[in-house]
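Chemist: Mind having a look at this structure? Questions to follow.
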């Protein structure tokens, strides 16, 4: 079976000595010596971490620290100033454009606002990647789209336009589109932003189900503590002041044992765990 | 094992076989990779089998030979589930891969939305009626918008309008100075075209010198104002619609309203003022450029000197001709600003709406410019101006 068990949560605390990419069992995604910059302004430097297959990995940090920028580097939207990102053993940014496209086809991305194409119905939004990248006939594509929308609780909304549904529903439809090709890696940018607690909780459950059922590797950018503690196996903390990662590990362990007070304060919502 | 009939549906690597381990049980054995990127078998073979044997009450699965799966496999099972439910056949999911049942349960957790009749295709008559109703509502809405704009102008006259002077200056710059290059180019070319076409005809009567009258009169009364209006519709009207439309999408307009600041004064008024103030100036400038374009053709191709050309124009063209053109340009400025702002403010909440608003703003502005031009020309002709 082409599915992967969830690895045991890492508890590495590494404010000064981040782990080498190969430190844990099969790394699905590796960030090595990454430097992110806008022109001459360095957002983050010396980012080193790896994400195991089937792992739920959280990228967290204070506002403006570069969480979403890191995600954009990982999904090929922004080239790094230095360093590399590896999908399995293949360097994404050193690959030819065709190879990059092939690698990206293994991923799905849920953008913060859903990023649905407003001139298309939900059905057309979810069907587009299926039409482009699978040999499935239109009828089967329609069925798969209905299934994907049903998985995110939007059965029957196929013919609605994004403008006709609520923000939370748009986000769920965005997830259905991200899942369209059953990607090996799913990226979420602030998935719970703008959602009510119940919807956010449902989304967390869905993330856990997807990982459990399909072994999907999941990378989430968030600072929603409830979600972090509910779903995370592993995480990295980016610091806006030092412009680098200052901790990596399971958030619960970081809350208890991280030597960086800032991380403990963040994870205890202003207190000091 | 009774009746060990086997049905197969082969599509590359993924396939299934059917057999009957018991009289009332159909077993489906899955083989290969059931993934979306491959051709996937349909459940037609199962349907046919169930039709041929009415005694089957259970469906069991064997996924021992299933190498990998994803949504393609789930989709097969969902369809099979519907078929089984319709025939009151029980599915025995025990031998399905781990995780499948949870995903199936998740997909069935929220019942489908019952109706979406809003999008059901309507008859021609219904669509025609809806279009007529929509047109009436839009026309009424436009009149309402115009009324609001007039009230905003009244507030401005009383010194009570709320808008930022910096915004007005910025828009003045955008629709004034920054429009000069394109107005220059178009006006010179229009002047040249008028001169060339006119002079070719006048030459037959040896009256080439009257090309100065033709160009100057044409530019002063019609072409300068109209061409500037059309340029501004495509350039500035579209920009107004896109800007206000994007603000509408980002809820910036709502933010103004909830603060108690009328968007009509804060957003529309500066744009209306800017275009109404700038259009006459641009029109005068377009007149000069058009006359200059005509002069280039007259002097270059028809041996008319610059002095002859200007003298001829001065003798036959009066200030009133320019005033008519300038009056038109004020109307066209208001038309372009109101169309751009109206469609921008009514664009809805989607990015597609912004595109539509921009197109509508330009098309409507051009149509209204032509209509207004016809009306003014008609009235001035009747009155004898």
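The values are calculated or read from the model by the stated rules, or taken from the named source; none is laboratory data. The shown structure was predicted, so the numbers you read here are calculated from the model rather than taken from an experiment. Here Cβ is always computed from backbone atoms with ideal geometry, including for glycine, and neighbour counts include all displayed protein chains.
Chemist: Within region A:160-171, is even one residue in contact (Cβ under 8 Å) with a residue 12 or more places away in the chain and farther than 16 Å from residue B:350 by Cα? Break it down into steps so the answer makes sense when it comes.
Modeler: Taking region A:160-171 as the starting set, the residues that turn out to be in contact (Cβ under 8 Å) with a residue 12 or more places away in the chain are A:160-163, A:165, A:167-171.
Checking the rest, the ones that are also farther than 16 Å from residue B:350 by Cα come to none.
Scanning region A:160-171 turns up no residue that is in contact (Cβ under 8 Å) with a residue 12 or more places away in the chain and farther than 16 Å from residue B:350 by Cα.
Chemist: Out of (1) in contact (Cβ under 8 Å) with a residue 24 or more places away in the chain; (2) part of a helix (DSSP H, G or I); (3) closer than 22 Å to residue B:331 by Cβ; (4) over 28 Å from the mean Cα position of the chain (by Cα), the odd one out for residue B:141 is which?
Modeler: For residue B:141, the exception is condition (4).
Chemist: Quick check on this structure: which one of A:238, A:203, A:208 is within 13 Å of chain B (Cβ to nearest Cβ) and crowded, with 21+ Cβ neighbours inside 10 Å? Don't jump to the end; show me each part of the working.
Modeler: Numbers: A:238 fails: within 13 Å of chain B (Cβ to nearest Cβ); A:208 fails: crowded, with 21+ Cβ neighbours inside 10 Å.
Being within 13 Å of chain B (Cβ to nearest Cβ) and crowded, with 21+ Cβ neighbours inside 10 Å holds for just one of A:238, A:203, A:208, which is A:203.
Chemist: Taking region B:115-129, which residues are modelled with pLDDT of 80 or more and either in contact with a strand residue (DSSP E or B) (Cβ under 6 Å, 6 or more places away or on another chain) or surrounded by 11 or more Cβ atoms within 10 Å (Cβ to Cβ) (or both)?
Modeler: Looking only at region B:115-129, we keep the residues that are modelled with pLDDT of 80 or more, and these are B:123-129.
Within region B:115-129, B:127, B:128, B:129 meet the criteria.
Chemist: Next up: Of the residues that sit in region A:145-164 and are more than 10 Å from residue A:176 (Cα to Cα) and in a helix (DSSP H, G or I), which one is nearest to the other protein chains (Cβ to nearest Cβ)? Don't jump to the end; show me each part of the working.
Modeler: Going residue by residue through region A:145-164, those that are more than 10 Å from residue A:176 (Cα to Cα) are A:155-164.
Retained after the next criterion (residues that are in a helix (DSSP H, G or I)): A:162-164.
Numbers: A:162: 6, A:163: 4, A:164: 8 Å.
Only one residue fits best here, namely A:163.
Chemist: Hey, any hits in region B:74-95 for a residue that's surrounded by fewer than 14 Cβ atoms within 10 Å (Cβ to Cβ), under 43 Å from the mean Cα position of the chain (by Cα) and closer than 26 Å to residue A:153 by Cα?
Modeler: Yes: one or more hits.
Chemist: Further, regarding this structure: Name the residue that is nearest to residue A:106 (Cα to Cα), counting only residues in region B:48-77 that are part of a helix (DSSP H, G or I) and within 14 Å of chain A (Cβ to nearest Cβ). Talk me through it step by step, then tell me what you get.
Modeler: Step one: of region B:48-77, the residues part of a helix (DSSP H, G or I) are B:48-52, B:71-77.
Next, from what is left, pick out any that are within 14 Å of chain A (Cβ to nearest Cβ): B:71-77.
Numbers: B:71: 14, B:72: 16, B:73: 18, B:74: 19, B:75: 20, B:76: 22, B:77: 24 Å.
The residue in question is B:71.
Chemist: Here's something else I'd like to know. Given the structure, is residue B:84 closer than 23 Å to residue B:21 by Cα, part of a helix (DSSP H, G or I) and modelled with pLDDT of 80 or more? Lay out the reasoning, then the answer.
Modeler: Values: closer than 23 Å to residue B:21 by Cα: yes; part of a helix (DSSP H, G or I): yes; modelled with pLDDT of 80 or more: yes.
In short, yes.
Chemist: Residue A:183 - would you say it is at pLDDT 90 or above, more than 23 Å from residue B:113 (Cα to Cα) and touching a helix residue (DSSP H, G or I) at 6+ places or on another chain (Cβ under 7 Å)? Full working, then the answer.
Modeler: Values: at pLDDT 90 or above: yes; more than 23 Å from residue B:113 (Cα to Cα): yes; touching a helix residue (DSSP H, G or I) at 6+ places or on another chain (Cβ under 7 Å): no.
Spelling it out, it is not the case that residue A:183 is at pLDDT 90 or above, more than 23 Å from residue B:113 (Cα to Cα) and touching a helix residue (DSSP H, G or I) at 6+ places or on another chain (Cβ under 7 Å).
Chemist: Sticking with this one: Quick one: in region A:165-178, which of the residues that are within 11 Å of another protein chain (Cβ to nearest Cβ) and out of contact with any helix residue (DSSP H, G or I) (no Cβ under 6 Å at 6 or more places or on another chain) is nearest to residue A:130 (Cα to Cα)?
Modeler: At the first step, the residues of region A:165-178 found to be within 11 Å of another protein chain (Cβ to nearest Cβ) are A:165, A:167, A:169-170, A:172, A:176.
Right, trim to out of contact with any helix residue (DSSP H, G or I) (no Cβ under 6 Å at 6 or more places or on another chain) and you get A:165, A:167, A:169, A:172.
Working: A:165: 23, A:167: 24, A:169: 21, A:172: 18 Å.
My answer is A:172.
Chemist: Still on this structure: Looking only at helices (runs of 4 or more DSSP H) that fall completely inside region A:55-144, which ones have 3 or more residues that are at pLDDT below 90 and within 14 Å of another protein chain (Cβ to nearest Cβ)?
Modeler: Numbers: elements: A:67-74, A:97-104, A:122-133.
It comes to A:122-133.
Chemist: From the set of residues in region B:11-46 that are outside any loop (DSSP other than H, G, I, E, B) and within 14 Å of another protein chain (Cβ to nearest Cβ), which is surrounded by the fewest Cβ atoms within 10 Å (Cβ to Cβ)? I'd like the intermediate steps shown before the answer.
Modeler: Of the residues in region B:11-46, the ones outside any loop (DSSP other than H, G, I, E, B) are B:11, B:14-22, B:25-34, B:44-46.
With the extra rule that they be within 14 Å of another protein chain (Cβ to nearest Cβ), the set shrinks to B:11, B:14, B:30-34, B:44.
Working: B:11: 14, B:14: 24, B:30: 24, B:31: 19, B:32: 19, B:33: 18, B:34: 28, B:44: 11.
Per the criteria, the residue is B:44.
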